[in-house]
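K.L.:
The following block contains the structure, expressed as structure tokens.
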Amino acid sequence: MREAKPPPPQDFPPTPRTRVKRLGYRACYDRETVYGILDAGLVCHVGYVIDGQPYVTPTAYWREGDRIYWHGSSASRMLRRLKEGVPVCFTVAHLDGLVLARSGFHSSINYRSVMAFGTAEPVTGEAAKLAALEAFSERITPGRWPELRAPTKQEMKATLVMSLKLEEVAAKVREGPPADDEEDYALDLWAGVVPIRRVIDPPQDDPRLKPGVVAPAYLEALEID
Amino acid sequence: MREAKPPPDFPPTPRTRVKRLSDCARYDRETIHAILDAGLLCHVGYVIDGQPYVTPAAYWRQGERVYWHGSSASRMLRRLEEGVPVCFTVALLDGLVLARSGYNSTLNYRSVMALGTARPVEGEAEKLAALEAFSERLTPGRWAELRPVAKQELKATLVLSLKLEEVSAKLCSGPPVDDEADYEDDVWAGVVPLRRAAGPPQADPRLAPGTAAPEYLVAIEID
């Protein structure tokens, strides 16, 4: 049984491409949910087409305002293709748990996902590119950017930063316990959720770390789903 | 330092040959199967009217095939049933590699990309066997405890499979590789390892009194 909740605002009005068809009650089109999911993650999957063949490339991403960003080598197949201004699908999925119902059919997965469509564009101009890379670094390790030496001209040239405006976007969330067929609740079988979470283990010093350099405090505060 | 790489069981094609960081590339069955067997979520790419779609799904491997499933009504599965090209990608995040420069900072990860045409698993027995394999991959022993799958449930479930033929893996691990001059910098560098952990299990609020959590729940491993 589902609880009736007031529907969240549709900041991103669903289109035929983003309207969630299966299990529509799990769909969210509001900015708060979409941004919350995006800001929790680190790796996205970008889909694009070359000669009719779809490719799905995993890559690190970050969000600033109403845009998501990812980057890579100017030589990468994905980025060279995307620079041409082709349609992309940007997908993020966080695995939150196994939902073990009293039947295989109702067993499921708890997750949070976002899917965005559009045309990605390269970030142009050295200052804008630098600012984007700083935002990426600060999202993961706040405070580290000023500790690093400045990127060289050559490094900047070899780095491509792409961005996609969040316009046609939908989130899908499944949470909570299993929803079983009513008669199955009488079965003598364990049911519930096995939560799955990301664990960040203690940092491992580089074998060539300069003597006396200690692990910075920001390493204790990392958050990645 | 380069280690000798295993021979390619899946000879790279122009589409699967890893171009960037080709030192990380692997084309051998053992590496590819091990990555696939460690994960749970894949991302499947397909094209409708020129638009790419990337749908996350749970998957599993049996022999030389990967499988995923869903509702017979799902957009992805209805499209894939037609026999269209797909890209099947799995990426397991293993760590942040914090180098002495932004440029050399990177991620440690294991990934697999497979290209091909998915096909639906036909026949009730085959479908059931595939679903059992999925259940057993996650919770070994549970399938036998569950009530049988209803005819209607089986009908509403589509199982797709993709033969592993055109497939490559990427395996990036270890400490940062910095520019030689940067090793003199006073900044911390190293790896922050990341992994997934399961548990402890949360009993369903409507659990029948006296039902104990089965042992297989504590052995769940998902990267």
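K.L.:
Would you tally the residues in the range B:172-197 being of a type in the set (A, V, I, L, M, F, W, C) and in contact with a Pro (Cβ under 7 Å, 6 or more places away or on another chain)?
P.N.:
Qualifying residue count, the range B:172-197: 4.
K.L.:
Then there is this: Looking at the range A:46-55, can you tell me whether even one residue there is over 28 Å from residue B:79 (Cα atoms) and either of a type outside the set (Asp, Glu) or crowded, with 23+ Cβ neighbours inside 10 Å (or both)?
P.N.:
no
K.L.:
Being of a type in the set (Gly, Ala, Ser) and under 9 Å from the mean Cα position of the chain (by Cα) is the filter here, so list the residues in the range A:31-63 that pass it.
P.N.:
A:40, A:41, A:60
K.L.:
Right, next: Considering B:163, B:151, which residue is surrounded by 15 or more Cβ atoms within 10 Å (Cβ to Cβ) and in contact with an Asp or Glu (Cβ under 9 Å, 6 or more places away or on another chain)?
P.N.:
B:163
K.L.:
Identify the single condition in (1) loosely packed, with under 14 Cβ neighbours inside 10 Å; (2) modelled with pLDDT of 95 or more that residue B:19 does not satisfy, given that it satisfies every other one.
P.N.:
That leaves (2) as the condition not met.
K.L.:
Are there strands (runs of 3 or more DSSP E) fully within the range B:24-102 with at least 2 residues that are crowded, with 23+ Cβ neighbours inside 10 Å, among the β-branched types (Val, Ile, Thr) and under 18 Å from the mean Cα position of the chain (by Cα)? List them.
P.N.:
The qualifying strands (runs of 3 or more DSSP E) are B:51-62, B:85-98.
K.L.:
Looking at the range B:24-31, is at least one residue touching a helix residue (DSSP H, G or I) at 6+ places or on another chain (Cβ under 7 Å), touching a residue at least 24 places away in the same chain (Cβ under 8 Å) and of a type outside the set (Lys, Arg)?
P.N.:
No, because not a single residue in the range B:24-31 is touching a helix residue (DSSP H, G or I) at 6+ places or on another chain (Cβ under 7 Å), touching a residue at least 24 places away in the same chain (Cβ under 8 Å) and of a type outside the set (Lys, Arg).
K.L.:
Do any residues in the range B:35-61 that are free of Cβ contacts under 8 Å to residues at least 40 places away in the same chain and at the interface with chain A (Cβ under 9 Å from one of its Cβ atoms) have Cβ atoms under 6 Å from those of residues that are hydrophobic (A, V, I, L, M, F, W, C) and outside any strand (DSSP E or B), where the two are at least six apart or on different chains, and which pairs are they?
P.N.:
The qualifying pairs are B:55/B:76.
K.L.:
Name the one entry in A:189, A:209 that is part of a loop (DSSP other than H, G, I, E, B), touching a residue at least 24 places away in the same chain (Cβ under 8 Å) and within 7 Å of chain B (Cβ to nearest Cβ).
P.N.:
Checking each option against the conditions leaves just A:189.
K.L.:
Based on what the data block shows, is residue A:96 touching a Phe, Trp or Tyr at 6+ places or on another chain (Cβ under 6 Å) and under 29 Å from residue B:109 (Cβ atoms)?
P.N.:
Yes.
K.L.:
With the requirement that a residue be within 30 Å of residue B:101 (Cα to Cα), within 7 Å of another protein chain (Cβ to nearest Cβ), β-branched (Val, Ile, Thr) and assigned to a loop (DSSP other than H, G, I, E, B), what does the range B:177-213 give you?
P.N.:
Of everything in the range B:177-213, just one residue is within 30 Å of residue B:101 (Cα to Cα), within 7 Å of another protein chain (Cβ to nearest Cβ), β-branched (Val, Ile, Thr) and assigned to a loop (DSSP other than H, G, I, E, B), namely B:187.
K.L.:
Still on this structure: Among the listed residues B:189, B:181, B:197, B:150, identify the single one that is without any contact (Cβ under 8 Å) to a residue 24 or more places away in the chain and in contact with a Lys or Arg (Cβ under 7 Å, 6 or more places away or on another chain).
P.N.:
Criteria check complete, one pass: B:197.
K.L.:
Please go through the range A:64-88 and pick out each residue that is crowded, with 20+ Cβ neighbours inside 10 Å and within 13 Å of the chain's Cα centre (by Cα).
P.N.:
Listed by number, the residues that qualify are A:68, A:69, A:70.
K.L.:
Within the range A:8-21, track down each residue that is loosely packed, with under 15 Cβ neighbours inside 10 Å and either polar (S, T, N, Q) or more than 15 Å from residue B:52 (Cα to Cα) (or both).
P.N.:
Listed by number, the residues that qualify are A:8, A:9, A:10, A:13, A:15, A:19, A:21.
K.L.:
Could you look through the range A:171-186, keep only residues that are over 35 Å from the mean Cα position of the chain (by Cα) and within 9 Å of chain B (Cβ to nearest Cβ), and pick out the one that is surrounded by the most Cβ atoms within 10 Å (Cβ to Cβ)?
P.N.:
That would be A:184.
K.L.:
Please go through the range B:86-105 and give me each residue that is touching a Cys at 6+ places or on another chain (Cβ under 7 Å) and more than 8 Å from every other protein chain (Cβ to nearest Cβ), ordered by number.
P.N.:
The one that is touching a Cys at 6+ places or on another chain (Cβ under 7 Å) and more than 8 Å from every other protein chain (Cβ to nearest Cβ): B:90.
K.L.:
Determine which member of the set A:206, A:225 is within 30 Å of residue A:109 (Cβ to Cβ), of a type in the set (D, E, K, R) and in contact with a Gly (Cβ under 7 Å, 6 or more places away or on another chain).
P.N.:
Exactly one residue qualifies, and that residue is A:225.
K.L.:
Limited to the range A:48-73, what total is found for residues that are in contact (Cβ under 8 Å) with a residue 60 or more places away in the chain and of a type in the set (Phe, Trp, Tyr)?
P.N.:
3
The values are calculated or read from the model by the stated rules, or taken from the named source; none is laboratory data. What you see is a predicted model; the values in this text were computed from it and never measured. Neighbour counts run over all protein chains shown; Cβ positions are idealised from the backbone, glycine included.
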